[in-house]
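Take a look at the structure below.
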Amino acid sequence: VTIVAARFMPFLRTFAPFVAGVAQMSRPKFIFYDVAGALLWVGGITTAGYLFGNIPWVKQHLDKIIWGAILIPGLLVMFGAYRARLKAASA
């Protein structure tokens with residue numbers, strides 16, 4: 001289950017194969033769950049893209065949505081770094 005769920009979590013996805021190896025999961029079992037997770041991921045993202053892509057408002061504002069998807073996480077990272085710097089300066 002963790003291998004399937006790891007597909008949907010960016011950082012966990014990177015380490016899941018190593019954890020499976022340390023836990024001595026068999027290769028066929030790992031491949032089965034990894035492929036199942038990949039199929040769910042591709043199917044989910046494709047379905048979401050199809051459904052949201054057919055909404056007229058999304059079609060009209062796609063460029064703004066993309067910029068928001070880029071800028072909002074970037075601003076959150078900068079804000080977090082700023083707060084960490086303030087915290088380090090006050091300590």
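Every number in this text was worked out from the coordinates using simple rules, so none of it is lab data. This one's a predicted model, so the numbers in the text were calculated from it and none came from an experiment. Don't worry about glycine lacking a Cβ; one is built from the backbone with ideal geometry, like all the others, and counts go over all protein chains shown.
Taking N as the number of residues in the chain, what value does Rg over Cα atoms divided by 2.2 N^0.38 Å take? Relative to the 2.2 N^0.38 Å estimate, the chain comes out at 1.57.
Over the residues of the chain, the helix contribution to mean residue ellipticity at 222 nm works out to -28500 deg cm²/dmol, using -39500 (n - 2.57) for each DSSP H run of at least 4. Between residue 81 and residue 61, the modelled label-to-label distance comes to 2.9 nm, taking each label 7 Å out from Cα in the direction of the beta carbon.
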